[in-house]
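These notes concern the structure reproduced below.
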Amino acid sequence: MPIGRVVGTARLVLAPVGWRDLDDMVRLKGDAGAFGLMLGGVRSRVQSEAEMAEDVAFWARRGLGIFTIREAGRFVGMTGLHERPDGRGLGLRFALFPAARGRGVAREAAAAALRFAHDAGETRVVAIARETNFASRTTLGGIGMSVCDRFDRDGYVMLVYESVRTPPC
């Protein structure tokens, strides 16, 4: 349930990412198990700081963006929305520390972020996953997104998922 821009689920709290979260995000983005399959791969501290500035500005501009994911008060990952650099539109992202996987955290958090976007009036959200990344594909399918396109990148087949919600009459 949204409280302002903070979103709560049965066991998670998603909060808009901010400068107070920089050290947590640097650790997450520097972890190959968490960020190795993300577009651009593992980030340095400098890259993470630059992305934090972009994320904070995106929240200010659009009223939505990247959330931190906390379970029982502990930072376990991130999810949320960003403008896809390839021009495909508003993209859903998620990444968790390996220790947080296998318990449905990604699905719960990504579903909440997707609902937040649609409730904010976004009619179409996309997500990209490698064809071989079955964990991400299962999460995306599990939250109601479906494959609408595919493309090749760096020798990998990438699948484009989308969620479309038509506005009420």
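Values in this text are rule-based calculations from the coordinates and carry no lab data. The model shown is predicted, which means the values in this text are computed figures rather than measured ones. Glycine also receives a Cβ, built like all others from the backbone with ideal geometry; neighbour counts cover every protein chain displayed.
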_I want the local charge near residue 106. Using Cβ-Cβ distances under 12 Å, sum +1 for each Lys or Arg and -1 for each Asp or Glu among the other residues._
+3
*What net charge do the residues around residue 31 carry, taking every other residue with its C-beta under 14 Å from that of residue 31, with Lys and Arg at +1 and Asp and Glu at -1?*
+3
*In whole angstrom, note down how far apart the Cα centers of region 58-74 and region 76-116 are.*
10
*Go ahead and estimate [θ] at 222 nm for the chain from helices alone: -39,500 (n - 2.57) per DSSP H run with n ≥ 4, summed, over the residue count, rounded to 500.*
-9500 deg cm²/dmol
_Taking the Cα centre as origin and putting +1 on Lys and Arg beta-carbons and -1 on Asp and Glu beta-carbons, what dipole magnitude results for the chain, to the nearest 20 debye?_
340
*Give the value in nm², to one decimal: projected area of the alpha carbon convex hull of the chain, averaged over all directions.*
9.8
*Kyte-Doolittle mean at least -0.5, axial Cα span of 20 Å or more - DSSP H helices of the chain*: 105-119
*Quick one: compute the contact order of region 2-123, relative version, from alpha carbon pairs under 8 angstrom and 6+ residues apart, as a percent.*
25
*List 156, 161 from most exposed to least, where exposure is judged by having the fewest other Cβ atoms within 10 Å.*
156, 161
